Amino acid sequence: MIILRSFLFQIAFYINITLRMVLLSPIYFLMPRSYRIPKGWASSSNWLMDKIVGASFEIEGLENLPTGPAIIAPKHQSAWDTFMLMPWMHDPVYILKRELFWLPLFGWYMKKQRLIPVNREAKGRNMLDVMKRTSDELATGRQLLIYPEGTRRSPGAEPVYKNGIARLYRALRVPVVPIVMHPGLFWPKNAWLRYPGHFKIKILPPIEPGLSQDVFLEKLIGTMEKESDALLIETAAANPHLKLPESAVKRLAELKARPVAE
């Protein structure tokens, strides 16, 4: 059943995104920039995951999302978490690898949304340009969504936070909102199977600007990892049918072996 549901979801997912990009292009590109079409696609994709796969989620802490400029910093485990929160966000801007902007239609949509391409191989001037563009977008009231670990990590894997978010925090001087979740248990990295179940997304209180770069990064990592561990325990217990990845099994064993006082 999981194989059939995953197959049907893959078909529906790509038909959905292709039809929306083609049919809505005249509206999208001729009208002023609007976030409604990307938001509608994200909502429909979440609906497909729920109705076809049987994977759903709830969000806790929506009141922690600022209405003005901020950096949104979620855990990154899956392709799903690149869009699943879009329906609840006002007008996010992403920093993405420039190769994505070369894709037909998809890349054009990203340019229309004024998302920011980055050449990961370049240093110096390229990064200054990225920082300037990001600052300009936040000045209009938008919010930057960036993954503190840079790339997808399996649930329970040892965290590898990048210093880039600390540099952005220092330069942009806006609150940083940590978000923890475990969608990688249901939409795994580098796999086509999708698994049913229910999980929680936790939007944590913002870390206000003004801390030193090192203190901020230490606080971000400590907060996110503590909440992520607690949520991993909760998600695994609520979905006993899941075949957990090795990284999650190992982390749960480590947490179980911890002294109670810790």
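No value in this document is a laboratory result; all are computed from the given coordinates. It should be emphasised that the depicted structure is a prediction, and the values quoted were computed from it without experimental measurement. We place every Cβ from the backbone using ideal geometry, glycine too, and count neighbours over all the protein chains shown.
Each of 215, 13, 74 was scored by the projection of its Cα onto the charge dipole of region 2-257, and the greatest displacement toward the positive side belongs to 13; charges sit on the C-beta of Lys, Arg, Asp and Glu. Local charge for residue 139 was computed over the other residues whose Cβ lies under 12 Å away, with Lys and Arg +1 and Asp and Glu -1, and equals +2. Taking amide H positions as modeled 1.01 Å from N, with prolines and chain starts lacking one, the residues under 5 Å from residue 194 and 5 or more places away or on another chain are 6. Distances between placed amide hydrogens fall under 5 Å for residue 93 paired with 143, 144, 145, all partners being 5 or more residues away or on another chain.
For residue 30 and residue 114, compute 0.36 nm times the residue count separating them, minus their Cα-Cα distance, and round to one decimal in nm.
Numbers: separation 84, 0.36 × 84 = 30.24 nm, distance 1.52 nm.
Going from the current span to full extension adds 28.7 nm.
If you filter region 30-127 for GluC sites (Glu not before Pro), then keep DSSP loop positions with at most 13 other Cβ within 10 Å, what is left? It would help to have the intermediate numbers written out before the result.
On the way: sites: 58, 60, 63, 99, 121; in loops: 121.
Passing sites in region 30-127 are 121.
Working note: Karplus 6.51/-1.76/1.60 with θ = phi - 60° gives region 44-59 the couplings 5, 5, 4, 5, 5, 4, 5, 7, 8, 7, x, 9, 9, 8, 10, 10 Hz, where Gly and Pro are set to x. Between residue 67 and residue 170, the distance separating the two model label sites (each 7 Å from Cα on the Cα→Cβ line) works out to 3.3 nm.
State the label only: which of [x] -0.32, -0.42, -0.53, -0.64; [y] -0.20, -0.27, -0.34, -0.43; [z] -0.25, -0.33, -0.43, -0.53 corresponds to log10 I(q)/I(0) by the Debye sum over Cα atoms at q = 0.07, 0.08, 0.09, 0.10 Å⁻¹ computed from the shown model? Checked against the structure: label [z]. Taking 0.36 nm per residue of sequence separation and removing the Cα-Cα distance, the residue 246/residue 158 pair yields an extension gain of 30.5 nm.
Working note: Karplus 6.51/-1.76/1.60 with θ = phi - 60° gives region 223-229 the couplings 5, 5, 6, 5, 5, 5, 4 Hz, where Gly and Pro are set to x.
Checking every one of the trypsin sites (Lys or Arg not before Pro) in region 51-147 against DSSP loop status and a limit of 11 other Cβ atoms within 10 Å picks out 120, 123.
Which of 72, 15 comes first, and how do the rest follow, when ranked by fewest Cβ neighbours within 10 Å? Numbers along the way, then the final one.
Details: 72 23, 15 11.
Least to most surrounded, the residues fall as 15, 72.
Multiply the residue gap between residue 253 and residue 79 by 0.36 nm, knock off their C-alpha separation, and tell me the result in nm, one decimal place.
Answer, rounded to one decimal: 60.0 nm.
Cβ crowding within 10 Å ranks 177, 130 as 130, 177, fewest other Cβ atoms first.
In a shell of Cβ-Cβ distance under 15 Å around residue 214, excluding residue 214 itself, what net charge do Lys and Arg (+1) and Asp and Glu (-1) give? Each step should come with its number before you reach the end.
Details: positive: 162, 167, 170, 219; negative: 218.
My count for the surroundings of residue 214 gives +3.
Rounded to the nearest 5, what is the percent of antiparallel bridges among the DSSP beta bridges in region 2-257?
Numbers: 3 of 21 bridges.
Among the beta bridges of region 2-257, antiparallel pairing accounts for roughly 15 percent.
When the C-alpha to C-alpha distance is required to be over 29 Å, the pairs from 162/250; 112/200; 39/97 that qualify are 112/200. With a cut-off of 13 Å between beta carbons, the residues surrounding residue 36 carry a summed charge of +3, where Lys and Arg count +1 and Asp and Glu -1.
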